[in-house]
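Visitor: I'd like to ask you about the structure that follows.
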Amino acid sequence: MNVFPEWFKAFKQVEIWPGMDMAVLSGHKGQVGFAQVAEETLVPEHAHQGQWGVVLEGEVVFVMGGETRVFRKGDYYHIPAGVPHSAKLAAGTAFIDVRENERFPASRLK
């Protein structure tokens with residue numbers, strides 16, 4: 001089941017990790033992304049500017065700064081700028097991410 005309406009496909013898209021595409025809206029000093037994964041997805045450790053998000057469906061297991069935390073439907077998360085983190089998303093997980101500044105330059109958006 002797709003959580004987001006069909007018209008979200010008209011937003012600019014970016015492949016943030018293999019198998020994980022995100023609809024992205026860009027604004028002054030930030031971007032908002034909407035994503036849902038079909039299969040379990042592993043996100044390798046990385047760091048960037050600040051990130052905030054909310055899980056709409058499914059489960060995300062984050063390792064942030066060496067601490068493991070589980071987020072489920074309705075939970076929100078905050079990853080401060082520069083904190084190394086990785087994630088495991090269960091199949092069907094949907095989430096909204098808000099990212100500080102421009103995480104995905106226009107050249108990556110389709």
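The numbers here are math on the coordinates, done by the rules we state, and not lab data. Owing to the predicted nature of the structure, the values given are computational and were not obtained by experimental measurement. Heads up, the Cβs are rebuilt from the backbone with ideal geometry, glycines too, and the neighbour counts pull from every protein chain shown.
Visitor: Apply the a/c threshold of 1.5 to the C-alpha gyration tensor of the chain and tell me whether it is rounded, prolate or oblate.
Guide: Here the chain falls in the oblate category.
Visitor: Next question, about the same structure. For a protection proxy built on the mean count of beta-carbon atoms within 10 angstrom, sort 45-51, 64-70 highest first, please.
Guide: 45-51, 64-70
Visitor: Give me the percent relative contact order of the chain, please, defined on Cα pairs under 8 angstrom at least 6 residues apart.
Guide: 33 percent
Visitor: Under a straight-distance cross-link criterion of Cα-Cα below 13 Å, which aspartates and glutamates are reachable from K29, leaving out those fewer than 8 residues away in the same chain?
Guide: Within the straight-line limit of under 13 Å, K29 reaches these aspartates and glutamates: E100, E102.
Visitor: Sticking with this one: Quick one: Karplus J couplings for the stretch 77-83, per residue in order, coefficients 6.51, -1.76, 1.60, θ = phi - 60°, nearest Hz, x for Gly and Pro?
Guide: My calculation for the stretch 77-83 gives 9, 9, 10, x, 3, x, 7 Hz in order.
Visitor: With r defined as the distance between the Cβ atoms of L42 and A81 and R0 fixed at 22 Å, what FRET efficiency is calculated, to the nearest 0.05?
Guide: Once the sixth-power term is evaluated, E becomes 0.45.
Visitor: Report the charge-dipole magnitude of the chain in Debye, nearest 20, computed about the Cα centre from +1 at each Lys and Arg Cβ and -1 at each Asp and Glu Cβ.
Guide: Result for the chain is approximately 300 debye, rounded to the nearest 20.
Visitor: Still on this structure, please answer the following. Could you work out the local net charge near Y77, counting Lys and Arg as +1, Asp and Glu as -1, over the other residues with Cβ closer than 10 Å to its Cβ? Could the numbers behind the result be given before it?
Guide: Details: positive: R69; negative: D75, D97.
After counting each charged neighbour, the total is -1.
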